[in-house]
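Written out below as structure tokens is the structure these notes cover.
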Amino acid sequence: DAGVIQSPRHEVTEMGQEVTLRCKPISGHDYLFWYRQTMMRGLELLIYFNNNVPIDDSGMPEDRFSAKMPNASFSTLKIQPSEPRDSAVYFCASRAPGTKNTEAFFGQGTRLTVV
Amino acid sequence: AQKVTQAQTEISVVEKEDVTLDCVYETRDTTYYLFWYKQPPSGELVFLIRRNSFDEQNEISGRYSWNFQKSTSSFNFTITASQVVDSAVYFCALSEEHNFNKFYFGSGTKLNVKP
């Protein structure tokens, strides 16, 4: 199993530019999560999907952030326009269907720097 | 209020020492789930263990052991005979029965194991 795959691993962009982060969950997993990690706020859940449908986006910081999951094997997190305070590591995670106690498996993260 | 507290920000030990990482949680749910993740310097989050609230049995996996005590709302993690490769940030996380897809992460404990 290849695990959760995120791209790019690193992204440096200028303020005001659009940024798109990509994620391929583990095959067969029906939950997909986007997290953001910063020194100040730690790991925060931004949004999660179940069977490609957004279930809870209450963690999305503002309208500049949007996420989509067009199919079971692909999701994107878009920031438009980007700002320096968006600099963080963004993680995608997926979770298998079934019992409530199953763990989430994380990708390697995308380190975003907005200058 | 913090749902998961990891009071130890950073711990340094010398190789072969035993070390315990503390985790205290807070929840009103009677059913909940606890997790430990490891984040090595390479940045990915690696799942280590999960525990259900109704299973207080302690667990040992090689040099790793976990002590779950509902009476003190703690889920501590001990590494026996630490090795340099154990150097990482360790996160404790909680999810609750009523919203099991939302993981509350602690702020993490950075473990430095020196040769």
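Key figures
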{"read-out": "Long-range lysine pairs (8 or more apart or interchain), chain B, Cα under 27 Å", "value": "14"}
{"read-out": "Cβ-based net charge around B:G106, under 10 Å, with every Lys or Arg adding one and every Asp or Glu removing one", "value": "0"}
{"read-out": "DSSP bridge pairs, chain A: antiparallel proportion in percent, nearest 5", "value": "90"}
{"read-out": "Pair-distance profile P(r), taking every C-alpha pair of the range B:1-78, with 5 angstrom steps and integer %", "value": "3, 12, 24, 26, 20, 10, 4, 1"}
{"read-out": "Efficiency of FRET between A:N52 and B:T31 - r from beta-carbon atoms, R0 30 angstrom, step 0.05", "value": "0.60"}
{"read-out": "Neighbour net charge for A:L77 - beta-carbon separation under 10 angstrom, K R +1, D E -1", "value": "+4"}
{"read-out": "Solvent-accessible area, 1.4 Å probe, carbon plus sulfur percent, for chain A", "value": "51"}
{"read-out": "Net lengthening on full extension, B:T78/B:N112 (0.36 nm per residue, minus Cα-Cα)", "value": "10.8 nm"}
{"read-out": "Chain B, accessible area per residue, ligands and nucleic acids excluded (1.4 Å, Å²)", "value": "49"}
{"read-out": "Contact order normalised by residue count of the range A:20-115, Cα under 8 Å, 6+ apart, percent", "value": "31"}
{"read-out": "Protein accessible area in chain B, 1.4 Å probe - carbon and sulfur %", "value": "48"}
{"read-out": "Cα-based Kirkwood hydrodynamic radius, chain A, one decimal, Å", "value": "14.1"}
{"read-out": "Added length on full extension, which subtracts the Cα-Cα distance from 0.36 nm per residue, A:R111 to A:K68", "value": "13.5 nm"}
{"read-out": "Residues in the range A:96-110 that, when all protein chains are in place, have 50 Å² or more less accessible area than the chain alone would give (probe 1.4 Å)", "value": "A:K100, A:N101, A:E103, A:F106"}
{"read-out": "Residue mean of other protein chain beta carbons inside 10 Å, B:39-51", "value": "4"}
{"read-out": "Simple label model, 7 Å out from Cα along Cβ direction - B:V13 to B:K70, nm", "value": "2.8"}
{"read-out": "Volume per residue of the C-alpha convex hull in the protein assembly as shown, rounded to whole Å³", "value": "129"}
{"read-out": "Accessible area (Å², per residue) of chain A, counting only protein heavy atoms and a probe of 1.4 Å", "value": "49"}
{"read-out": "Accessible area buried between chains B and A, both sides summed, probe 1.4 Å, in Å² to nearest 100", "value": "1800"}
{"read-out": "By average C-beta atoms within 10 angstrom, highest first, the peptides B:81-89, B:55-63, A:54-62", "value": "B:81-89, A:54-62, B:55-63"}
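The values are calculated or read from the model by the stated rules, or taken from the named source; none is laboratory data. It should be emphasised that the depicted structure is a prediction, and the values quoted were computed from it without experimental measurement. Using ideal geometry, Cβ is built from the backbone for each residue, glycine included, and neighbour counts are taken over all protein chains shown. Each accessible area value is taken on the protein alone, full model and side chains, heavy atoms only, with ligands, DNA and RNA left out. Shrake-Rupley method; radii C 1.70, N 1.55, O 1.52, S 1.80 Å.
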